[in-house]
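The values are calculated or read from the model by the stated rules, or taken from the named source; none is laboratory data. Since we're looking at a predicted model, the values are computed, not measured. Positions of Cβ are generated from backbone atoms using ideal geometry, with glycine treated the same way; all protein chains shown enter the neighbour counts.
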Amino acid sequence: MENLSLTASAVISFVGRLEDSTATFYEELAERFVGDKETLLGFAKESRKNKLWVTRTYQETISDALEACFAFQGLNLGEYAVETVLVEGASYSDALKMAIELEKKAIEFYLDVAECSQSLLATIPRAFSRVAKRRGKRKLELESLHNKAVAGC
Amino acid sequence: MPILEEPIKETLKLKNYVDGEWVASQGEVKDVVNPATGKVIAKVPISTKDEINAAVEAAKDAFPDWRRTPPVARGRCLFRLRDLMEQHFEELSRVQTMEHGKTIDESRGETRRGIENVEVAGGIPSLMMGCSLEDIAAGIDEYLIRQPLGVFGIIGPFNFPFMVPLWFAPYAVATGNCIIVKPSSEDPISQIKITELADEAGIPPGVWNLVNGGRTVVSGMLDHPDIKGMCFVGSTPVGRDVVYTRCGETGKRVIAQCGAKNFVLVMPDANLGRTVAACMTSFFGNTGQRCLSGANLVVVGEGLNEREYAAFYEKVVDAFVDAASRIRIGCGLDEAVQMGPLRDEGKKERVLGYIEKGIKEGAKLRLDGRNVTIIGDWPDTCFLGPTVFEDVTPEMTIGTEEIFGPVASVMRARSLDEAIEMIHSNPFGNAASIFTANGKWAREFQYRVECGNIGINIGIVAPMAFFPFSGMKNSFFGALHGQGREVVRFFTESKVVIQRWF
């Protein structure tokens, strides 16, 4: 397998797409399943904040002296692609399952990029780790919602 | 991967900015070409002597009022400029990629470095403070104040079209001086954008001027009696033989930051993975077109026997060549790209000449950048791949002269002493780096090496805005350096007052 090396710009753009699509996903969920509307909209809001936060950290730390073009070795962004389109007529429990999978992939992505970016200034891997942690918390909340949804059936 | 949107949609017709107005030049016009696409993105005037004289006159007229403006108010202008730069961060970065060719990550890094200088200069009330001492004799006090001098000229290089003039301009303006910036005519658009923002930030007419052009503008500044000092970043022959010499003759202050041939030492205990990643940025970042680029990679066998050294050498060179061979080359607005083109065809020809010379002088061509594969359908006019030579000695042309392109020369040294000797035998003294886990070696290196910027496990030793950008030997001419407190001293005269009251 080729030892892929991504630019920081490519990784940050991926973060933007990931958080945007996640936010849209939760907004749709909130519209369809109004029972947990507030929580789901909270996740969407948090995702938009994650994007802003990671982008800002990148823009404020990047420097011509850092290994921005060579930092992310061995990553294939295709491996972190997630499904964010809800199937027509999907149940709340199915939707939450999908959300949990999405969060698992996102956490995996953030932990991997945090590991890869150790050669950048410490604030960049720290930003990725912080988002991984937030999304870990979110995954636990989703699992709890899922358990309730299943029990309610 | 998609190409980022270009901020320049149609050919720009660039003007000069003098006394708060954008004015058309009467000089001839030159094309500004995007080196990746070959498209003309702007037309830049080569201004006349009368036009530079008019700019000096405007700056001189603006000086008395500007120097009376309180430092805190001048600093606020710079903070507004900083905010505007942040708002336009992405546009400013993409413009650099379009006019220079560097990757978008590199451009954003350059934008950040430039903004940091504006931020630091915004703190001018503290930076410019003098000092005082009571009772130097009974009832007599003495104090030092720093005063601006007047008009300064700033000549920017092509390799960092956004950042380098900002090593000087914000500090000059913050200290109460007025400036004329002459950007490189090869990529002047970034400075045009900065000047537009300086205008928007409320910097008064005549304080910050921009005159496009070439030698006529440079000579006009060097010879003008109302210009108090010059800041130059560029090649050693021009910096030393023209700018520094002429400033000496005309009594001007001068900062001339010039060429380089930087050595990067890899010690046996270095973290190889991290070292190689750092070396890729160092040797091939900005397509090797920077005065802090690594040029000579010295594999040092300190403490190893012959067999161990041979194995260590092979391991380092194999990893270096392997990583270099994987670098993706193309248009800098493509986020997959790790290295852009050289700035123009002439610069590529020059680098090709050095590659030929290296082969002729007997160096072993381990990776040939002439066989370049480009991502995307771009003309190969300015593209060149990473090139690695082995068995280079300090006497060879490619081991001594500044190539200013993506060419690495690998050298052997059996000991740290021998490696330091190699550095000292080179006429330049800009930067040198050591990769090691050994504090004693690192300390020895930092202590002995005659270079202005020293890296310890750092491939690009670019000082932050609050530190001076140093340089020694043929890499620097002058006394005080750009950035931070040193440049504040450069732009001010120290006046001492001794007072007593009867």
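Among the residues of segment B:426-436, is there at least one that is surrounded by fewer than 21 Cβ atoms within 10 Å (Cβ to Cβ) and within 14 Å of chain A (Cβ to nearest Cβ)?
No, every residue in segment B:426-436 fails to be surrounded by fewer than 21 Cβ atoms within 10 Å (Cβ to Cβ) and within 14 Å of chain A (Cβ to nearest Cβ).
Identify the residue in segment B:325-350 that is closer than 15 Å to B:Cys382 by Cα and in a helix (DSSP H, G or I) and, among all such residues, is nearest to the chain's Cα centre (by Cα).
B:Lys347
Given (1) surrounded by 20 or more Cβ atoms within 10 Å (Cβ to Cβ); (2) more than 21 Å from B:Asn474 (Cα to Cα), where does B:Val407 come up short, assuming only one miss?
All conditions pass for B:Val407, except number (2).
Run down B:Gly385, B:Gly369, B:Gly353 and say which single residue is out of contact with any Lys or Arg (no Cβ under 9 Å at 6 or more places or on another chain), in a loop (DSSP other than H, G, I, E, B) and more than 14 Å from every other protein chain (Cβ to nearest Cβ).
Answer to the check: B:Gly369.
Working only within segment B:161-184, note down all residues that are small (Gly, Ala, Ser) and in contact with a Lys or Arg (Cβ under 6 Å, 6 or more places away or on another chain).
B:Ala174, B:Gly176
From the list A:Leu41, A:Leu18, A:Leu29, exactly one residue is within 26 Å of B:Leu333 (Cα to Cα) and either in a helix (DSSP H, G or I) or among the β-branched types (Val, Ile, Thr) (or both). Which is it?
The match here is A:Leu18.
Quick one: would you say A:Leu52 is surrounded by fewer than 14 Cβ atoms within 10 Å (Cβ to Cβ), farther than 21 Å from A:Ala149 by Cα and hydrophobic (A, V, I, L, M, F, W, C)?
yes
If you go through segment B:178-213 one residue at a time, how many are touching an Asp or Glu at 6+ places or on another chain (Cβ under 9 Å) and either surrounded by fewer than 24 Cβ atoms within 10 Å (Cβ to Cβ) or among the small types (Gly, Ala, Ser) (or both)?
So the answer is 8.
Tell me, yes or no, whether segment A:71-85 has at least one residue that is surrounded by 23 or more Cβ atoms within 10 Å (Cβ to Cβ) and within 8 Å of another protein chain (Cβ to nearest Cβ).
yes
Any residue that is within 14 Å of chain B (Cβ to nearest Cβ) and either more than 14 Å from the chain's Cα centre (by Cα) or more than 30 Å from B:Leu292 (Cβ to Cβ) (or both) - is there at least one of those in segment A:14-35?
Yes, there is a match, as at least one residue in segment A:14-35 is within 14 Å of chain B (Cβ to nearest Cβ) and either more than 14 Å from the chain's Cα centre (by Cα) or more than 30 Å from B:Leu292 (Cβ to Cβ) (or both).
Just a yes or no: is a residue in segment A:67-78 under 22 Å from A:Ser129 (Cβ atoms), at pLDDT 85 or above, part of a helix (DSSP H, G or I) and of a type outside the set (Gly, Ala, Ser)?
Among the residues of segment A:67-78, at least one is under 22 Å from A:Ser129 (Cβ atoms), at pLDDT 85 or above, part of a helix (DSSP H, G or I) and of a type outside the set (Gly, Ala, Ser), which makes the answer yes.
What residue, of B:Ala465, B:Ala442, is surrounded by 15 or more Cβ atoms within 10 Å (Cβ to Cβ), within 26 Å of B:Asn117 (Cα to Cα) and either at pLDDT 95 or above or in contact with a strand residue (DSSP E or B) (Cβ under 9 Å, 6 or more places away or on another chain) (or both)?
B:Ala465
From the residues in segment B:445-462 that are in contact with a strand residue (DSSP E or B) (Cβ under 9 Å, 6 or more places away or on another chain), touching a residue at least 24 places away in the same chain (Cβ under 8 Å) and not aliphatic (A, V, I, L, M), which one is farthest from the other protein chains (Cβ to nearest Cβ)?
Restricting to residues being in contact with a strand residue (DSSP E or B) (Cβ under 9 Å, 6 or more places away or on another chain), touching a residue at least 24 places away in the same chain (Cβ under 8 Å) and not aliphatic (A, V, I, L, M), the top hit is B:Glu450.
With B:Arg350, B:Arg370, B:Arg326 as the choices, which residue is of a type in the set (Lys, Arg) and under 23 Å from B:Ile460 (Cα atoms)?
The unique qualifying residue is B:Arg326.
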